[in-house]
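Shown next, in structure tokens, is the structure this report addresses.
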Amino acid sequence: MARALVVYESVFGDARAIAYAIADGLSASLAADVLAAAEAPAEIGADVGLLVVGGPNHAFGMPRPSTREGAVTQHGAVIADTTTGLHEWLQSVRVPRTGLAAAAFDTRSSGHRMLVKMDHAARTEEKLLGKLGARIVAPAAHFFVADTTGPLVDGEEDRARTWGRSLVGLADFRAVS
């Protein structure tokens with residue numbers, strides 16, 4: 001039986017909360033594991049039928065070593081290793097087959113509309129998934145935080161659960177080769 005794997009990067013805990021809410025939604029129909037990118041496997045197992053990845057927007061994109069370091073020095077984030085995260089994991093993970101069903105999410109500010117449109121973490125996540133040969137099964141989901149260090153805007157975890165439930169129906173596991 002196929003299972004889902006949700007891999008996330010979180011700096012202040014909001015993307016982690018969203019990842020667990022997505023997995024909760026998925027688990028109504030599909031076994032789902034949640035792992036931080038730092039603990040994610042170097043190779044996706046053959047039993048994984050759906051890969052969901054996500055993390056925060058940092059400086060209009062996915063976190064990188066410099067933005068992680070900035071979160072530590074400017075906002076007091078606790079990050080054990082600022083040199084690696086979701087971006088680096090997606091660049092190195094091995095996917096033993098093409099067509100793996102996948103989806104991406106990000107957390108972003110609920111502030112100024114123009115700045116929010118410039119946030120591209122999930123878009124980059126989708127590009128990296130495509131380079132792995134994954135098949136994107138849903139448009140990226142964006143979950144909102146009230147400020148740089150959070151918290152999540154009210155209702156976002158419920159929205160993430162609903163999105164997780166919807167992914168099961170969109171991922172045609174028979175299409176995996």
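The values are calculated or read from the model by the stated rules, or taken from the named source; none is laboratory data. Computed from a prediction, not measured in an experiment: that's the story for all the values here. Heads up, the Cβs are rebuilt from the backbone with ideal geometry, glycines too, and the neighbour counts pull from every protein chain shown.
For the range 56-82, a residue qualifies if it is under 18 Å from the mean Cα position of the chain (by Cα) and either farther than 20 Å from residue 110 by Cα or in a loop (DSSP other than H, G, I, E, B) (or both), and the qualifying residues are 57, 59, 60, 62, 63, 64, 65, 68, 79, 82. Against the list (1) over 19 Å from residue 20 (Cβ atoms); (2) buried (at least 19 other Cβ atoms within 10 Å of the Cβ); (3) modelled with pLDDT of 90 or more, the condition residue 105 fails is (1). State whether the residues of the range 14-25 include one that is surrounded by fewer than 21 Cβ atoms within 10 Å (Cβ to Cβ) and not in a helix (DSSP H, G or I). Within the range 14-25 (the criterion being surrounded by fewer than 21 Cβ atoms within 10 Å (Cβ to Cβ) and not in a helix (DSSP H, G or I)), the answer is no, since none of the residues qualifies.
For the range 4-13, give me each residue that is of a type outside the set (Ser, Thr, Tyr), within 10 Å of the chain's Cα centre (by Cα) and assigned to a strand (DSSP E or B). Residues satisfying the conditions are 6, 7.
There is no residue in the range 28-39 that is surrounded by 16 or more Cβ atoms within 10 Å (Cβ to Cβ), without any contact (Cβ under 8 Å) to a residue 24 or more places away in the chain, farther than 19 Å from residue 143 by Cβ and not acidic (Asp, Glu).
Collect the residues in the range 43-55 that are in a strand (DSSP E or B) and either at pLDDT below 95 or surrounded by 16 or more Cβ atoms within 10 Å (Cβ to Cβ) (or both), keeping them in residue-number order.
Within the range 43-55, 48, 49, 50, 51, 52, 53, 54, 55 meet the criteria.
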